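S.K.: The structure follows.
Derivation of every value follows stated rules applied to the coordinates shown; laboratory data play no part. Because the structure is a prediction, the values reported are computed rather than measured. Because the Cβ atoms are built from the backbone with ideal geometry, glycine has one as well, and the counts that use them run over all protein chains shown.
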Amino acid sequence: MALSFFITLPTYSNPTYEKNNFIKMRKRFEKIDTNGDGLLSKSEMMTAQNDRIDKIFINFDKNGDSKLSKKELRALRYELKKRIYKSRKKRDI
């Protein structure tokens, strides 16, 4: 699933939106491709996922116990839903 997040192209009808998403996707790809060979290795993907998980814990592990409680997971889920809603709203404009 994570791989599809990084490499799929949007199929929206707004050319400006598509161009902006392509640019974002390319930048994301380049950031993950740490050795600059134009390919994503398993190691590079694992590092990217670990960085993402670290950010989640920094933002949502409020008590700092390196575990996410049900309450913290609900907050994470709420935040993700909010971001998805914002993204869809932007796309429809």
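S.K.: Can you find a residue that is out of contact with any Phe, Trp or Tyr (no Cβ under 8 Å at 6 or more places or on another chain), in a helix (DSSP H, G or I) and free of Cβ contacts under 8 Å to residues at least 60 places away in the same chain anywhere in region 63-71? Can you show your working first?
M.R.: Filtering region 63-71 down to residues out of contact with any Phe, Trp or Tyr (no Cβ under 8 Å at 6 or more places or on another chain) leaves 63-65, 67, 69-71.
In the following step, the residues that additionally are in a helix (DSSP H, G or I) were identified as 70-71.
If we keep only those that are free of Cβ contacts under 8 Å to residues at least 60 places away in the same chain too, we end up with 70-71.
For region 63-71, residues out of contact with any Phe, Trp or Tyr (no Cβ under 8 Å at 6 or more places or on another chain), in a helix (DSSP H, G or I) and free of Cβ contacts under 8 Å to residues at least 60 places away in the same chain: present.
S.K.: Still on this model: Collect the residues in region 62-87 that are of a type in the set (Ser, Thr, Tyr) and either surrounded by fewer than 11 Cβ atoms within 10 Å (Cβ to Cβ) or closer than 18 Å to residue 52 by Cβ (or both), keeping them in residue-number order. Talk me through it step by step, then tell me what you get.
M.R.: Quick first cut of region 62-87, residues of a type in the set (Ser, Thr, Tyr) only: 66, 69, 78, 85, 87.
66, 78, 85, 87, listed by residue number.
S.K.: Which one of these does residue 46 not meet: (1) in a loop (DSSP other than H, G, I, E, B); (2) over 30 Å from residue 16 (Cβ atoms)?
M.R.: Going through the list (1) in a loop (DSSP other than H, G, I, E, B); (2) over 30 Å from residue 16 (Cβ atoms), residue 46 breaks only (1).
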